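The values are calculated or read from the model by the stated rules, or taken from the named source; none is laboratory data. Every value quoted in this text rests on a predicted model; they were computed, and no experiment measured them. Please note: Cβ atoms are built from the backbone with ideal geometry, for glycine as well, and neighbour counts cover all protein chains shown.
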Amino acid sequence: MNETLTKTRTTELDDPLDSVPRIGRTMTRMRMMTGRRLIGRLAIQSVAPDLELSHLDVLDAVRRAQENGEVTVGAIAEMLRIDPSRASRVVSDMVGRNVLRREASQADARRIVVVMTPLGKDLLAEIRAQKLAFVSEVVRDWPQEEIDTFSLLFEKFIGGYEAIFLSRDKDTPG
């Protein structure tokens with residue numbers, strides 16, 4: 001069995017025409033590992049053990065949305081593609097845990113916006129630190145030139161992936 005697996009992998013690596021299918025297979029493997037949310041679980045364990053992974057999703061949505069201005073529960077729901085009532089419940093829970101807080105909008109005092117507390121910012125910093133430590137460990141034995149090349153190509157790949165995803169996702173329900 002191991003000989004067959006080794007032979008298959010060697011053949012795959014030797015066939016330059018197999019590059020695109022190899023990327024697809026590798027994406028599947030990465031999705032499976034990412035789906036286990038190791039980095040998020042480690043960050044929660046370090047900073048706020050009583051939080052859930054869904055809280056991290058909301059926190060990341062707040063981080064990304066605040067780049068464009070004030071963040072509302074509606075914006076969070078849209079970014080995460082969840083029902084606004086679900087987003088409101090999660091935000092309320094996070095406000096109760098002092099990760100987020102609600103305040104009046106500076107642009108329109110009738111509107112309520114969501115902002116991160118210092119604990120929320122600490123949690124984001126811990127996620128980033130865990131992610132960088134994890135990636136550093138993966139590439140630990142790589143020559144710097146390969147790390148540099150991979151970082152540029154990976155960024156280019158994800159940028160293209162994101163552009164196609166966003167163009168096709170607009171008309172996809174759910």
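List of remarks:
- Within segment 74-88, the set of residues being exposed (fewer than 13 other Cβ atoms within 10 Å of the Cβ), among the charged types (D, E, K, R) and free of Cβ contacts under 8 Å to residues at least 40 places away in the same chain comprises Asp83 only.
- When segment 112-138 is filtered for residues that are touching a residue at least 40 places away in the same chain (Cβ under 8 Å) and farther than 16 Å from Arg41 by Cβ, the ones remaining, listed by number, are Ile112, Val113, Val114, Val115, Met116, Leu119, Gly120, Asp122.
- Looking across segment 57-71, the residues that are in contact with a helix residue (DSSP H, G or I) (Cβ under 8 Å, 6 or more places away or on another chain) and within 14 Å of Ile112 (Cα to Cα) come down to Val62, Val71.
- Scope segment 69-89; condition within 18 Å of the chain's Cα centre (by Cα) and part of a helix (DSSP H, G or I); matching residues: Ala75, Ile76, Ala77, Glu78, Met79, Leu80, Ala87
- Candidates Leu59, Leu51, filtered to the one that is under 17 Å from Ala125 (Cβ atoms), of a type outside the set (Ser, Thr, Tyr), at pLDDT 90 or above and surrounded by 15 or more Cβ atoms within 10 Å (Cβ to Cβ): Leu59
- Residue list for segment 135-166, filter: surrounded by 12 or more Cβ atoms within 10 Å (Cβ to Cβ) and either touching a Phe, Trp or Tyr at 6+ places or on another chain (Cβ under 9 Å) or hydroxyl-bearing (Ser, Thr, Tyr) (or both): Val139, Trp142, Thr149, Phe150, Ser151
- The residues on offer are Leu132, Leu124, and the sole one that is surrounded by 14 or more Cβ atoms within 10 Å (Cβ to Cβ) and either outside any loop (DSSP other than H, G, I, E, B) or not aliphatic (A, V, I, L, M) (or both) is Leu124.
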